[in-house]
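Please read the structure below before turning to the comments.
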Amino acid sequence: MSIRKSQTRHREIGLPPLREESRGHGHRNHKAFRLKEYMAKKSEPPQQSSHRNALTIFAVVSTALAVLLVFTYLQYVLLAIVLAYVLTPVQRRLEQWLSSATAAVATIAMSIVVFFIPVVYVLAIAFQQGLALLTAIQEGAFRPGRIEDRFETIGFVVDLDLLYATYQDPITQTAQRLATGTLSVIGGLPGVLIGLTVTGFVLFALLRDGDRFVAWLESVVPVDDRVQRELFVELDHLMWASVVGNVAVAGIQAVLLGIGLALVGMSGVVFLTVATFILTLLPLIGTFGVWVPVSIYLLLVGRPVAASAILVYGSIISVSDIYLRPVIIGRSGAINAATIVVGIFGGLVVFGAIGLFIGPVVLGGAKIILDLFARENAQPIAD
């Protein structure tokens, strides 16, 4: 029987097609083995078949329940995954001298001391400066008449009362939403503490047993080892671009702009630096969401030299994004801009704040999986 007929027969009985290179005695042995395997499944006793069906039902139900439990604290579990990805290199270094559990505890302790405590301190200062800014606005430090006079000195006529009357409803609704969101965050502090506790335990487990967890996934997922390795490599590139790369770029640009604001004597530098960092993480906004309003403010208060300096300096920082991202995210620069935009904003809606990093990974990972699926399904036809 020719190889083409053998392939046709295999397709008729549900077996995978034979490759062209498997001719001769090796081909006949392989064909006989596959036929025996197929006939063994056909002749499987009913009792064993019902056993498989029952086990399948139990597996599906238990998996669904486990997913439901994880979804209750999904944001905090995803936060633990992101932190574990970032801290794994430190864990590997410490495991050269310590046990896995001790290294995990040491890694978490060092990250708290070196990173989280300074971040909390900076955020506290930024929060205080933000409150001071709101207080100054409420006390009339930015009076409409004064701002209108400044605009008139540079040749613009602006009626802020008319603008406020025109957009009063959107402004009021936005302020109410911000107030409601702040109250909900304060009222939900106990839930946040519980969620952070979940994050800590999951992070410890991932750092200590991450390799075993990945090996278990590889053994459970019914995908070829070669495809799994390729998938993990691509997901690693996505995680690097979305988590490490974007955060590093945003941090560098925020610090640079903060230094410039401090040099011109701008008040509330920490608050503006944190705002720059957050806005730089968002696509289509970036650092100009801070330095443009600051330049306008400096111009209105009668400091045209400082306003021009921030305008030029901020423009340079915004342009530097073109060069910083390829350097820092060089090994995964192929991530699409549309994937970043849709992934970040969609991730914020679905996953909350952690969606800034997880959203692009989920969207880009879906594309990678679909590409692999299409390629693997097309291979037998090509053979």
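The values are calculated or read from the model by the stated rules, or taken from the named source; none is laboratory data. Nothing here was measured: the structure is a model prediction, and the numbers come from that model. Methodologically, a virtual Cβ is constructed for each residue, glycine included, from the backbone with ideal geometry; neighbour enumeration extends over all protein chains shown. Accessible surface areas use protein heavy atoms only, side chains included; no ligands, DNA or RNA. Shrake-Rupley method; radii C 1.70, N 1.55, O 1.52, S 1.80 Å.
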Q: Answer yes if at least one residue in region 307-318 is open to solvent by less than 50 Å² (accessible area, probe 1.4 Å) and modelled with pLDDT under 80, and no otherwise.
A: no
(Q) under 17 Å from the mean Cα position of the chain (by Cα) and at pLDDT 75 or above: is that true of I329 in this structure? (A) no
Q. Which one is least open to solvent (accessible area, probe 1.4 Å) among residues in region 194-213 that are among the β-branched types (V, I, T) and over 20 Å from the mean Cα position of the chain (by Cα)?
A. T197
Q: Could you list all residues from region 354-383 that are among the charged types (D, E, K, R) and at pLDDT 80 or above?
A: K367, D371, R375
(Q) Out of everything in region 93-109 that is in a helix (DSSP H, G or I) and farther than 15 Å from G210 by Cα, what residue ends up being most open to solvent (accessible area, probe 1.4 Å)? (A) A109
**Q.** Hits in region 256-291 - residues which are more than 14 Å from G130 (Cβ to Cβ) and either acidic (D, E) or touching a residue at least 60 places away in the same chain (Cβ under 8 Å) (or both)
**A.** L256, L257, L281, L282, P283
